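What follows is a short report on a single structure.
The values are calculated or read from the model by the stated rules, or taken from the named source; none is laboratory data. Predicted model, so just to flag it, every value in this text is computed and none were measured. Here the Cβ positions follow ideal geometry from the backbone for every residue, glycine too, while neighbour counts run over all protein chains shown.
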Amino acid sequence: MAKKVALVTGSARGIGQGIARELAGEYQLIISATRDEVEIPEDLKDNAVYIRCNIAESAERERIFKEIDARFGRLDLLVNNAGVAPLVREDILQATEESFDRVLGINLKGTYFMCQHGANYMLQCKEKGLEDYNPRIVNISSMSSFTSSTARGEYCISKAGISMVTKLFADRLAEYDIPVFEVQPGIIDTDITAGVMDKYQKLIDGGLTPTKRFGYPADIGRAVAALASGAFDFCTGQVIHADGGFHLRRL
Ligand code: NAI
């Protein structure tokens, strides 16, 4: 039986790499990021290839699906993980259009069109009648999808937008039995949060999250692997809060 193929965008490090690690046993992995070349970690070498894709660039989005088709002839799982924070945290009373366009262009537009390409390619694969083919899409948004942070409004807007992308594609693809899910990570220990870890540590110590620790890429990877397993296929459109209980309202 042909090995299943998974593409994880932005998986050169951080959460994406954590997701890749949790999927490695089940899938032929496509690690992807913006650089021309990336060193694949030793433990993933047997199961992974690297293909560059800047998700903000239309031509690169198109190219990666052509390359996947040429090399593997199928895509069983698309994990839209790539994303950026604003280069500078600036209050929404001052934040620039330039930063808005950059963050929205990568996080929201990039994810939306990766879903579009992925969905169309999966439909094409379905038409070919591939054996044991049950494709799925997982979008990584954020607790910022529903949480206001006035010093990075453009990030929050981009992640709230991804939540609608999930709903739209879950709705559109349900008739083809292609489930679309979303994982909303909380505070995860990666490069993106490195500069604000002290601040977050104090907030966690002060009770911000019921589970008193940072999340780790493996926490998100395990949630994605569970969604990818097929156990949740009837729950298309479902959102998993991978945030140590941050989303709970408390009194
Ligand atoms: P990271 O900065 O460690 O990794 C981001 C990855 O995305 C890198 O591999 C980078 O090369 C890639 N990337 C950046 N721009 C890209 C582009 N235009 N095209 C393709 N790849 C691109 O960040 P982290 O923390 O691993 O974040 C991964 C995802 O999780 C992001 O979407 C982020 O918004 C989200 N997230 C992270 C949280 C955290 O606390 N670390 C919390 C909630 C969500």
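Number of residues in region 40-64 that are more than 15 Å from the ligand (Cβ to nearest atom) and basic (Lys, Arg) equals 1. Residues satisfying the criterion are absent from region 6-20 (criterion: assigned to a loop (DSSP other than H, G, I, E, B), under 25 Å from GLU127 (Cβ atoms) and without any contact (Cβ under 8 Å) to a residue 40 or more places away in the chain). In summary, HIS247 fulfils each of the numbered conditions (1) over 25 Å from GLN17 (Cα atoms); (2) outside any helix (DSSP H, G or I); (3) in contact (Cβ under 8 Å) with a residue 24 or more places away in the chain with the single exception of condition (1).
So which residues in region 1-40 are of a type in the set (Asp, Glu) and closer than 10 Å to GLY221 by Cβ, if there are any at all? I'd like the intermediate steps shown before the answer.
Just the residues of region 1-40 that are of a type in the set (Asp, Glu), to begin with: 22, 26, 36-37, 39.
GLU22 - this is the single residue of region 1-40 that is of a type in the set (Asp, Glu) and closer than 10 Å to GLY221 by Cβ.
Yes or no: LEU78 surrounded by 17 or more Cβ atoms within 10 Å (Cβ to Cβ) and touching a Cys at 6+ places or on another chain (Cβ under 8 Å)? Answer is yes for this residue.
Residues checked against (1) out of contact with any helix residue (DSSP H, G or I) (no Cβ under 7 Å at 6 or more places or on another chain); (2) more than 12 Å from the ligand (Cβ to nearest atom); (3) assigned to a helix (DSSP H, G or I):
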position	(1), (2), (3)
ASN120	yes, yes, yes
GLY129	yes, yes, no
ASP132	yes, yes, no
SER148	no, yes, no
VAL165	no, yes, yes
ALA170	yes, yes, yes
ILE178	no, yes, no
VAL183	no, no, no
VAL196	yes, no, yes
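Has region 65-83 got at least one residue that is in contact with a helix residue (DSSP H, G or I) (Cβ under 7 Å, 6 or more places away or on another chain), more than 11 Å from the ligand (Cβ to nearest atom) and within 24 Å of ILE192 (Cα to Cα)? Yes; the residues of region 65-83 include at least one that is in contact with a helix residue (DSSP H, G or I) (Cβ under 7 Å, 6 or more places away or on another chain), more than 11 Å from the ligand (Cβ to nearest atom) and within 24 Å of ILE192 (Cα to Cα).
Given the options ILE92, ILE68, ILE55, name the one that is at pLDDT 95 or above and part of a helix (DSSP H, G or I).
Details: ILE92 fails: part of a helix (DSSP H, G or I); ILE55 fails: part of a helix (DSSP H, G or I).
The match here is ILE68.
Take region 134-145 and flag every residue that is away from the ligand (no atom under 12 Å from the Cβ) and out of contact with any Pro (no Cβ under 8 Å at 6 or more places or on another chain).
The first filter runs over region 134-145 and keeps only residues away from the ligand (no atom under 12 Å from the Cβ), leaving 134-137.
Residues satisfying the conditions are ASN134, PRO135.
The residue list GLU62, GLU57 contains one member that is in contact with a helix residue (DSSP H, G or I) (Cβ under 9 Å, 6 or more places away or on another chain), free of Cβ contacts under 8 Å to residues at least 12 places away in the same chain and surrounded by fewer than 17 Cβ atoms within 10 Å (Cβ to Cβ), which is GLU57.
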